[in-house]
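Following: one structure in structure tokens, then a few remarks.
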Amino acid sequence: MAAPKPCDRVWNGTRTVCGPQLLIPGLGKCGTNAIANYLALHPRVRLTNQSEVMFDPRDVSVSELVARHNPDVTPENEYVWIMKHPGLENRHASVLARRVRRAFPSASVALALCDPAQRAFRFFIYFLEHELRQHGQRVTFTKFAQVTLKRRYNATVEELYSSIVATRTDCVRLESASRLVSALRKDGYTIPPNWLLEDSWDPLGHGVCDPVVAKDSRLDRWVEDWLDGGYKVNTTLAVVYMESWPLHGREMVRRLLRVLRLPEGEYPWAQASVLFTQRVYDSEARRRYFKKGAPDMDIVRPLMHRQCSAMEGLLGERPPWCRQAHAEGAAARRQGEWAGRRRRGAAAVSE
């Protein structure tokens, strides 16, 4: 006889139901929706009616949260359910992990991670789209990029991004960038993200000029906080990488099913394998700019990739962006060695 499924029993006022079996606290713009949607293909997984549910026990009692969002999952049936809210990444994970574990001791956690060099740019495109929608019929994203920016200000979306997000370690905003942002704001645009204001640049003088980049440069600490909170890798904690879905989607799903203790044989692998390879973005702007990627930042390598060894030590594997950086670094070293040999050979010939 199969062991009973893990279930944090909660009385909802009329009967006993189960608490969530998987919680997804972030990261935003790193594929939290992908985790939920791929898991929802399993016949035993249920999602909440609301896409994002704030599940921090500090904000709402466990009984109220479960009574409001439980999708008819009880101890007697075979279903499990999951909740996600990427906004919880902004809470102190060291404290949040302990609160969540006390409230839902049987639940596991899934962390969605992605290339930290690209995440701030994804947020920028997301918030810029939102701002343009607030203007209603006045402008579309394409019109804003080609007419407002290009013709009126002789600028591109990437240049606007570089005017707001600190892409240089000297934390100096160029005068031309300040003029561009000021002109757009004078025209009534709230240039996003709204937390990247001039007075928030490098407040501690550490050479990290905005909070998004500062946070993403130490993703290892965020993961470590969840481990310190009592979760165990591939047992009660699954770490999934956005960049791994196209080539390693099957392995990512297996990790999630493992922590959910669900049978792999019931998962529709053929249907999912087709979806893994599809890069589906829900807007023209994201299809265009996510593919191109963020403008180059000179802070990427020293800040973003110094976490790679720490992540490998915590998780037993290097994130996909670290493997790429390692390969690029090795190629650069080999190229440098060959260049050095050519210089030495040329010097020997001249002597």
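Can you spot a residue in the stretch 68-77 that is of a type in the set (Asp, Glu) and over 22 Å from residue 218 (Cα atoms)?
yes
State yes or no: is residue 247 surrounded by fewer than 16 Cβ atoms within 10 Å (Cβ to Cβ), part of a helix (DSSP H, G or I) and within 19 Å of the chain's Cα centre (by Cα)?
Yes, satisfied.
Just to verify a result, which residue in the stretch 47-90, among those that are among the aliphatic types (A, V, I, L, M) and part of a strand (DSSP E or B), is most open to solvent (accessible area, probe 1.4 Å)?
47
Hey, residue 63 hits all of (1) touching a residue at least 24 places away in the same chain (Cβ under 8 Å); (2) closer than 30 Å to residue 248 by Cβ but one; which does it fall short on?
That leaves (2) as the condition not met.
Do you know which residues across the stretch 98-116 are surrounded by 23 or more Cβ atoms within 10 Å (Cβ to Cβ), among the hydrophobic types (A, V, I, L, M, F, W, C) and assigned to a helix (DSSP H, G or I)?
The one that is surrounded by 23 or more Cβ atoms within 10 Å (Cβ to Cβ), among the hydrophobic types (A, V, I, L, M, F, W, C) and assigned to a helix (DSSP H, G or I): 100.
Identify all residues within the stretch 9-43 that are part of a loop (DSSP other than H, G, I, E, B) and over 15 Å from residue 83 (Cα atoms); write none if there are none.
Passing the criteria: 12, 13, 14, 15, 29, 30, 41, 42, 43.
The values are calculated or read from the model by the stated rules, or taken from the named source; none is laboratory data. Bear in mind the structure is a predicted one, so any value in this text is a computation, not a measurement. So basically every Cβ, Gly included, is an ideal-geometry build from the backbone, and we count neighbours across all protein chains shown. Keep in mind that these areas ignore ligands, DNA and RNA; they rest on the heavy atoms of the full protein, side chains included. Shrake-Rupley method; radii C 1.70, N 1.55, O 1.52, S 1.80 Å.
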